[in-house]
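Encoded as structure tokens, the structure appears first; notes follow it.
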Amino acid sequence: MIKISRSKLELFTKCPRCFWLDVKYGVKRPPGFPFTINSAIDYLFKQEFDIYRAEGKPHPIMVEAGIDAVPYNGPEMDAWRDALKNGVIYHDPESDITLRGGVDDVWINSAGELIVVDYKSTGSGSGIPTVYDEYVRQLEVYQWLLAKNNYKVSPVGYWVYAQADKSQGFGHGKPILPFNLYLKSATGKWDWIPEKLMEAKKVLEMETPPDPGEECMASGIQSFCKYRQDSMRVTRDALQKGKS
């Protein structure tokens, strides 16, 4: 049985070779910079929504958007949020892969459907932030996991964005940096996930590395496979030159 996280499935979507190296041999991509401010905002979001969760009331941003729901207050929430140890877990019998993912939040509507919610923060741009394809896939995986655990799941999920308002600086000498809150939604489609799990299984069964992802071989900051290939070539050439 293979165990992977939601982020590993996303890695496979972006680059099968990086996924093969990571899951099969533990050779990971170099870690990115820690986004401590983003983590702090996630924490604050969870603390604030937990207040309304305990009261069984909708958060003001839900009321303003006309969303007929309240934060879900089931006993599973602590485990579902724990991405490192627990999360929402499902074993897919076809691929023999156990997939897990930790949600930021779950709401429940009057029809008894669970709504997947993800917190995002950004300090760039102005106006309503962009929802990237990766965010949608993330949402869909969480929806699929909950549905496979026999919960009624709304196909509509939400992102709660905190976007830094840089127009006032730091508040003219006061330690204040205001944020604008935005709510965006999307309707998830889960039919791609079982097929993608089967593809991931086949890759992990390979004895030789699969082809890299296109972006991973292009010039740019995310070109991990290109970096590996170029560094191996330079090292090999240098060693041959040293022997001559």
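The values are calculated or read from the model by the stated rules, or taken from the named source; none is laboratory data. These figures come from a predicted structure and were not determined experimentally. Every residue, glycine among them, receives a Cβ derived from its backbone with ideal geometry; neighbour counts consider all protein chains shown.
The table that follows gives values for the structure above.
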{"item": "Total residues in the stretch 93-126, condition more than 21 Å from G66 (Cβ to Cβ) and either surrounded by fewer than 16 Cβ atoms within 10 Å (Cβ to Cβ) or more than 11 Å from the chain's Cα centre (by Cα) (or both)", "result": "14"}
{"item": "Residue list for the stretch 154-184, restricted to those being over 17 Å from E48 (Cβ atoms) and modelled with pLDDT of 95 or more", "result": "S154, P155, V156, G157"}
{"item": "Filter result for A79 (more than 30 Å from T208 (Cβ to Cβ), of a type in the set (G, A, S) and at pLDDT 95 or above)", "result": "yes"}
{"item": "Hits in the stretch 98-153 (condition: at pLDDT below 95 and polar (S, T, N, Q))", "result": "S121, T122, S124, S126, T130"}
{"item": "Search result, residues across the stretch 48-69 that are of a type in the set (G, A, S) and in contact (Cβ under 8 Å) with a residue 24 or more places away in the chain", "result": "A65, A69"}
{"item": "Qualifying position, being among the hydroxyl-bearing types (S, T, Y), surrounded by fewer than 20 Cβ atoms within 10 Å (Cβ to Cβ) and assigned to a loop (DSSP other than H, G, I, E, B), among Y151, Y135", "result": "Y151"}
{"item": "Cβ-Cβ under 9 Å pairs, at least 6 apart or on other chains, the stretch 28-45 side assigned by TED's automatic domain parsing to the domain that holds D104, far side at pLDDT below 90 and in a helix (DSSP H, G or I)", "result": "P30/Y227"}
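For (1) over 19 Å from the mean Cα position of the chain (by Cα); (2) within 25 Å of E140 (Cβ to Cβ), each residue gets a yes or a no:
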{"site": "A186", "(1), (2)": "no, yes"}
{"site": "P194", "(1), (2)": "no, yes"}
{"site": "L197", "(1), (2)": "no, yes"}
{"site": "K202", "(1), (2)": "yes, yes"}
{"site": "M206", "(1), (2)": "yes, no"}
{"site": "P209", "(1), (2)": "yes, no"}
{"site": "E215", "(1), (2)": "no, yes"}
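Per-residue answers, yes or no, for (1) in contact (Cβ under 8 Å) with a residue 60 or more places away in the chain; (2) under 30 Å from P178 (Cα atoms); (3) in the same structural domain as L9 (by TED's automatic domain parsing):
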residue: Y72; (1), (2), (3): no, yes, yes
residue: P75; (1), (2), (3): no, no, yes
residue: D92; (1), (2), (3): yes, no, yes
residue: L99; (1), (2), (3): yes, no, yes
residue: I115; (1), (2), (3): no, yes, yes
residue: P129; (1), (2), (3): no, yes, yes
residue: D133; (1), (2), (3): no, yes, yes
